[in-house]
1. For segment A:241-283, give me each residue that is of a type in the set (Asp, Glu) and without any contact (Cβ under 8 Å) to a residue 60 or more places away in the chain.
2. Can you tell me how many residues within segment A:305-341 are over 30 Å from A:Gly283 (Cα atoms) and surrounded by 24 or more Cβ atoms within 10 Å (Cβ to Cβ)?
3. Anything in segment A:305-333 that is within 14 Å of chain B (Cβ to nearest Cβ) and either farther than 27 Å from A:Ser212 by Cβ or in a helix (DSSP H, G or I) (or both)? List them, or say none.
4. Looking only at residues in segment B:307-335 that are without any contact (Cβ under 8 Å) to a residue 40 or more places away in the chain and within 23 Å of the chain's Cα centre (by Cα), which one is farthest from B:Thr232 (Cα to Cα)?
5. Restricting the search to segment A:90-121, which residues are free of Cβ contacts under 8 Å to residues at least 40 places away in the same chain, in contact with a strand residue (DSSP E or B) (Cβ under 8 Å, 6 or more places away or on another chain) and assigned to a loop (DSSP other than H, G, I, E, B)?
6. Those residues that are under 16 Å from the mean Cα position of the chain (by Cα), hydroxyl-bearing (Ser, Thr, Tyr) and more than 9 Å from chain B (Cβ to nearest Cβ), I need them from segment A:336-374; list them, please.
7. Does any residue in segment B:64-79 that is farther than 21 Å from B:Val26 by Cβ come within less than 6 Å, Cβ to Cβ, of a residue that is modelled with pLDDT of 80 or more six or more places away or on a different chain, and which pairs are these?
8. Wholly within segment B:173-282, which helices (runs of 4 or more DSSP H) include no fewer than the required count, namely at least 2 residues that are within 12 Å of chain A (Cβ to nearest Cβ)?
2 protein chains.
Amino acid sequence: MTALRPLRPSSKVLPVDARGHNRSLVLQTLYREGGRSRADIARETGLTRVTVSALVAELISDGLVVELGQREETRPGKPATLLDLDRSAFVIVGLDLSEHSVFTGALLDLDGAISARAEVALDGSTGDEAVAKVVALAERLIEQATAPVLGIGVGSPGVVDLGGVVLSAPNLGWNGMPLQSILADRFGLPVLVANDANAAVLAEHSFGGADSDAMLITIGHGVGAGLLLGGTPLFGSRFAAGEIGHVVVGTDGGAVCACGKRGCLETWLSIPNLIDRLEGEQGTARTAVLQEAGQRLGIALAPVVGALDLSEVILSGPTELLDGPLMAATVETLRSRTMAEFHGSLTLRMTTLGPDIVLRGAAVMVLSGQLGVS
Amino acid sequence: MTALRPLRPSSKVLPVDARGHNRSLVLQTLYREGGRSRADIARETGLTRVTVSALVAELISDGLVVELGQREETRPGKPATLLDLDRSAFVIVGLDLSEHSVFTGALLDLDGAISARAEVALDGSTGDEAVAKVVALAERLIEQATAPVLGIGVGSPGVVDLGGVVLSAPNLGWNGMPLQSILADRFGLPVLVANDANAAVLAEHSFGGADSDAMLITIGHGVGAGLLLGGTPLFGSRFAAGEIGHVVVGTDGGAVCACGKRGCLETWLSIPNLIDRLEGEQGTARTAVLQEAGQRLGIALAPVVGALDLSEVILSGPTELLDGPLMAATVETLRSRTMAEFHGSLTLRMTTLGPDIVLRGAAVMVLSGQLGVS
């Protein structure tokens, strides 16, 4: 017996879909493992050698796959030709719009390594002016590209729908801003726009070793989260999944939040609020402030960890504030407020990807959308 | 642009998979809509008429589809023959093991309607003795079946893995009990065992009008939840998704729970605890007890609603306790503790399926697993 199937099959499967799926399967095998022969790929994917050979021929002619040379064989017979994804065949433009005063961007190779960077100061721009700065940043990066651009990935603050329309990003004054189609029209390239925390959790999954059930919390001017369930990003019924910054934490009051409520998670945990609370504090008083913030995060997350049975929660933000008493208090609070039987082994850790996590997540969106690899 | 694809394609698509998928697509169209011609099905599924005719011929010979007769046409030409799923072709055995003192079971038709019932008193049985009672109950129902049995669906308390092994059900003394394979071996029929709340949310989706993003809370001796995200049930990293009964609620103490912690959701909300608190209370004092329980449910759910961006939460349990001040307090608490912008329109309601919800969910598991319909 296997898992229940997804309910309500909603679209037919055509031979062309199967072909696209199998093409992605070959690319994925090479992307993750590299240096594989056609026979290796057939064995690992379960596809026939004939199918693999046809798909590989197509991928070589598309410039996506290259022959590396022949494997040194220990057994007699014709040595196998090794194949790899041509990781320098394309570059990806990644943009991170989540910082408060600056838009950052990078050129990334197919492994998510950064080869060039650019940034543009926001200077308080909002609305169309802010969009013009996104366009200028992308333009500057595309000019520097030394290989064809596979696509543009963008991590935006706020609520973003599946068509890349930023439904709401108050700091940028965007309400229903069709950023994805603006960029696609301007550059004639595939463009993918998603919420910054959703981009970040994809990066952590592809490059940071996250499980296929993971929650990544981004802690900066605001507090947000990206969720991956069964390897699939969760978007939510109004594309607002992960918007936990304005959930009230605890039943004992708290500071008044910018949103008007009292005791929202951001009042305890956003970096500006945390720096305010830490001002002038030293030693144990400083530790106590960090611990309290960590406890509040644990209180907020306990029902989510319980309901979703998460095995891993990852934090992204300033390491000097988060990694230490704050994180220790979060994990202790989480364990003391959920069933030890299931959540005693929960992992809480900092991202290994540092401040480039959203840029790299933007690249994963393009890799996944254009090549079906991640 | 469409949604990001699920990450990491992990298995090949074969023509036989496409055929199975398309067969389910035809069945699903007939299951939901009934009275359709071959041409209607082709139009609605996007499959060719030739493919639809071949699949329909196969389904008729399997006894799953019947011809109803000819449609009265307003236009000239050959009238179309209408088809339907033969809803009496098979029966399904559904078992609900979630009640404290009795196992209940039913025979259901393919629409989830109950045609016969049986039950067996638990009398404190645990372990293999409890399994023997499950077998006896299934046997009694199978004897009453007037059509071939499509399969056996079981909603069990506790944590159940995807192979139908009950990893932990303390009340029944089951730890790693392979209930699904025991029943399959005994009866030679397809068997599906899942957690009772997971079964219940499937029933609510198929028969109760729940969205494809929904959380169903079962409130009885314990408190549990079943989650459907994008139409797919969530199981969690240790198959313990929805285990929210032992999450601590609030930061102001609470009663000591059977699990040893203080202030778990069950201490406020389980039916025995609620009845204890209500004992001897009348009028406003009674209302206050119900409101407090509802507030605690709202406090526990707020981070989950925020993180998942749920549009609908459904309660299952005794209507006389839940539907009134308790539920009103839950929805008010949820709205006051999350972002009004997104969650102001959240729906909280009682299930429309009453106490048969787990039995009907068990039938959905069989329908979905055996026919690909729901």
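1. If the condition is that a residue be of a type in the set (Asp, Glu) and without any contact (Cβ under 8 Å) to a residue 60 or more places away in the chain, then A:Asp252, A:Glu266, A:Asp276, A:Glu279, A:Glu281 are the ones that fit.
2. 7
3. A:Val305, A:Gly306, A:Ala307, A:Leu308, A:Ala329, A:Thr330, A:Glu332, A:Thr333
4. Pass one, segment B:307-335, residues without any contact (Cβ under 8 Å) to a residue 40 or more places away in the chain: B:307, B:319-320, B:323-335.
Those left that are additionally within 23 Å of the chain's Cα centre (by Cα): B:307, B:319-320, B:323, B:327, B:330-331.
On the way: B:Ala307: 17, B:Thr319: 27, B:Glu320: 31, B:Asp323: 27, B:Met327: 26, B:Thr330: 26, B:Val331: 25 Å.
Among those that are without any contact (Cβ under 8 Å) to a residue 40 or more places away in the chain and within 23 Å of the chain's Cα centre (by Cα), it is B:Glu320.
5. Passing the criteria: A:Ser101, A:Asp109.
6. Result: A:Thr351, A:Thr352.
7. B:Glu73/B:Pro79
8. Of the helices (runs of 4 or more DSSP H) lying wholly inside segment B:173-282, those with at least 2 residues that are within 12 Å of chain A (Cβ to nearest Cβ) span B:179-187, B:196-207, B:265-269.
The values are calculated or read from the model by the stated rules, or taken from the named source; none is laboratory data. This is a predicted model, so every value here is computed, not measured. Glycine also receives a Cβ, built like all others from the backbone with ideal geometry; neighbour counts cover every protein chain displayed.
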